[in-house]
Amino acid sequence: MDFIQILAEATRTAIGPIAAIYALAAIGLNLHFGYTGLLNFGQVGFMLVGAYGVAVTTSTYELPLLLGVLVSIGCAFVLALLLGLPTLRLRADYLAISTIAVAEVGRLIYRSTVAQDITGGVYGLQQVAGDFYAWNPFPSGSYGIDAGAFSITFSARDVWVMTVAWAVVLLASLAMYVLTHSPWGRVIKGIREDEDAVRALGKNVFAYKMQSLVLGGVFGALAGALMAINQQTVHPDAFMPQVTFYLWAMLLLGGAGRTLGPVIGAIGMWFLLTMFDGLLRDVSAMGLLPGIAGGELGALRHAVVGLALVLLIVYRPQGLIGNRKEMLVNVK
Amino acid sequence: MSSESMAGRMPAPESHDRLSGVSPVPGAAKPDPVLRASGVRRSFGGLTAVDVEHLEVQRGTITALIGPNGAGKSTLFNVLTGFDRMDSGVSAFQGRSLRGLSGHRVARRGLVRTFQLTKALTRLTVMENMLLAARGQTGERMVGAFAPWIWRGQEAANRERAEALLERFRLAHMRDEIAGSLSGGQRKLLEMARALMSEPTMIMLDEPMAGVNPVLVQSLLEHITSLRDEGVSVLFVEHDMDVIMGISDWIVVLAEGRVIAEGRPDDIRSNQQVIDAYLGTQHDEPGAGGAEEGR
Ligand SMILES: Nc1ncnc2c1ncn2[C@@H]1O[C@H](COP(=O)(O)OP(=O)(O)O)[C@@H](O)[C@H]1O
Ligand SMILES: [Mg+2]
């Protein structure tokens, strides 16, 4: 594969449905961490309940897709209350620990034999969200640019998923922009800085943190729902803790506390991941990486991304579009 | 900034009058108490940080709360403002019990406090710090946030009021800077201006002058005096004796969690118990220091 092809493939992934799904989940994380200062290490838990909300509704019970989306949102609401009610009055670290634990416990419950009749257990669910593709307005065919080496094409199916997913990302970003430029946004940003100071000014800090947790969780659940729709299957092991850490990496790459930070981060991260992948495969095919084969290449890819993140934090801690002055304000 | 200087001015005559006839003994009843506390105790493990039998703060006066480091001043602030729970005891603000109220509810009643360690919201601008403090904002509701045409007028009015306060506290030129770029003294000013933005009936200032340079101290004092003259009740913690004697209408002395004396500046100056418990140690702790513990 030559370099142009690698670039084309990386671009294809960066604008594809998966990037949109991660962008949406990272927007939720940005509301939590970037604006409210909540440490959520279990965003994947919201994606899990979102994906299964759609999958269980449409596959297990064969009910309409839109109902499934409502179920996803409802599940995110319940999960946020479950996480927030006991921890949001306590120090920040209690939420952090609870989120990581609850997300993983949730995954184990969904994959358990007890839940198998509903969630499909370890086998997951198939034939999810058929409605969605029945609504596809794009005539079948190949879409995109096809210019020799640099060719990026999508099927009609992919274009339909991408259209909807990026539209949801756009709407979520607009909502975030409006919220964070309102007095409501001012309060949550104040809470991020110092919740006692905000409390001393008569604001119900707990209620604001709860609202933020719920809304950011709903964004995560919608991302999960889109994931189920995109793949048409859900499987519990797609919701491992590392998904959350990818989301964090994306948020920090793009810039936390900026409306477009998570979107740019998700696009950039998928671009880099795919590019490193292609490059490593090329280099390995040329025999320059003796002793590293097949599956190990994937691990090496993660190592390279990790290194890139370390360099980012050292040289550009505010992320691609963050504000350095704000970032370093408390560093003396 | 109003041109009339409060420096060196005697407390307004009416604030003296309000306390005339009150005998300078611990727990003395005041003619019109804005804040009352009885039997307030707070312990940390075996240490009783606060044990106040009875305390009343007269409305419309400047009351100083003094005492050596560790006397329990900040802890008393915390339990009275709902930032910490009391083990036992009752307190009432403007005649209404504060029992079980959390910090934000106490603040909504009009009892607003600042912190010993300044809490400027560093990544918000100075103006945002101010606007945040305004009461009853429609745009602070999550749903309301999506209807800017409803709250735009309110926001503009708040901005105008904030502008006036910033002008008065000589921070107007910094309005669009992030609060993290202010000096320590300016942060103290901002915290006070912000507290005023929330239209308090009574303001409780925990060491407002700690770490502030002498020029700013002077202007902070003027602000405190003019607040009192506008009818706001002030309770403040301070170490500098000259400052305290200069502007206080009433002084409450705390030692090891108990009120050991209270009275007018003259009463306190000549109180042997106070001299033993507190004034004798004063030379060991300069007023600006010791701001590292508590909140
Ligand atoms: N959260 C806490 N946990 C344990 N001890 C505390 C706590 N807060 C205050 N104390 C102790 O209570 C006493 C009173 O502290 P504080 O109210 O900060 O005094 P002051 O403000 O008068 O200097 C001190 O001995 C302090 O160490
Ligand atoms: Mg103190």
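The residues of the stretch B:98-118 include none that are at the interface with chain A (Cβ under 7 Å from one of its Cβ atoms), touching a residue at least 60 places away in the same chain (Cβ under 8 Å) and surrounded by fewer than 19 Cβ atoms within 10 Å (Cβ to Cβ).
Within the stretch B:76-94, does at least one residue satisfy the condition of being of a type in the set (Asp, Glu), away from ligand 1 (no atom under 12 Å from the Cβ) and more than 28 Å from residue A:184 (Cβ to Cβ)? Within the stretch B:76-94, one or more residues are of a type in the set (Asp, Glu), away from ligand 1 (no atom under 12 Å from the Cβ) and more than 28 Å from residue A:184 (Cβ to Cβ).
None of B:190, B:121 is touching a residue at least 40 places away in the same chain (Cβ under 8 Å) and assigned to a loop (DSSP other than H, G, I, E, B) except B:121. Evaluate the following for residue A:105: is it touching a Pro at 6+ places or on another chain (Cβ under 6 Å) and not in a loop (DSSP other than H, G, I, E, B)? No; evaluated as a whole, the condition is false for this residue. Can you say whether residue B:194 is among the charged types (D, E, K, R) and surrounded by fewer than 19 Cβ atoms within 10 Å (Cβ to Cβ), as far as the supplied structure shows? So residue B:194 fails the test. Within the stretch B:60-77, is there a residue that is assigned to a loop (DSSP other than H, G, I, E, B) and among the β-branched types (Val, Ile, Thr)? For the stretch B:60-77, residues assigned to a loop (DSSP other than H, G, I, E, B) and among the β-branched types (Val, Ile, Thr): present. Taken together, the residues in the stretch B:78-101 that are assigned to a loop (DSSP other than H, G, I, E, B) and among the small types (Gly, Ala, Ser) amount to 3.
Among the residues making up the stretch B:246-295, those that are within 16 Å of ligand 1 (Cβ to nearest atom), at pLDDT 90 or above and of a type in the set (Val, Ile, Thr) are B:251, B:252, B:253, B:259, B:260.
In the stretch B:196-245, the residue that is farthest from ligand 1 (Cβ to nearest atom) out of those that are more than 14 Å from chain A (Cβ to nearest Cβ) and on the phi > 0 side of the Ramachandran plot is B:231.
Of the residues making up the stretch B:148-178, those that are within 9 Å of chain A (Cβ to nearest Cβ) and over 15 Å from residue A:190 (Cβ atoms) number 4.
Condition check for residue A:241 on (1) surrounded by 21 or more Cβ atoms within 10 Å (Cβ to Cβ); (2) more than 14 Å from chain B (Cβ to nearest Cβ): one failure, at (1). Output the number of residues of the stretch B:129-142 satisfying the condition of being facing chain A (nearest Cβ under 9 Å) and touching a residue at least 12 places away in the same chain (Cβ under 8 Å). Result for the stretch B:129-142: 9.
Within the stretch B:68-84, residues that are over 12 Å from residue B:113 (Cα atoms) and at pLDDT 95 or above sit with their Cβ atoms under 6 Å from residues that are charged (D, E, K, R) and more than 6 Å from ligand 1 (Cβ to nearest atom), at 6+ positions apart or across chains, in these pairs: B:75/B:42.
Pairs linking a residue in the stretch A:196-225 that is within 17 Å of residue A:186 (Cβ to Cβ) and at the interface with chain B (Cβ under 7 Å from one of its Cβ atoms) to a residue that is of a type in the set (Asp, Glu) and part of a helix (DSSP H, G or I), with Cβ atoms under 7 Å and 6 or more positions apart or on different chains, are A:205/A:195. Listed conditions (1) more than 23 Å from the chain's Cα centre (by Cα); (2) farther than 20 Å from residue A:228 by Cβ; (3) of a type in the set (A, V, I, L, M, F, W, C) are all met by residue A:101, apart from (1).
The values are calculated or read from the model by the stated rules, or taken from the named source; none is laboratory data. As the structure is a prediction and not an experimental result, all values here were calculated from the model. Cβ sites come from the backbone with ideal geometry, for glycine too, and all protein chains shown count toward neighbours.
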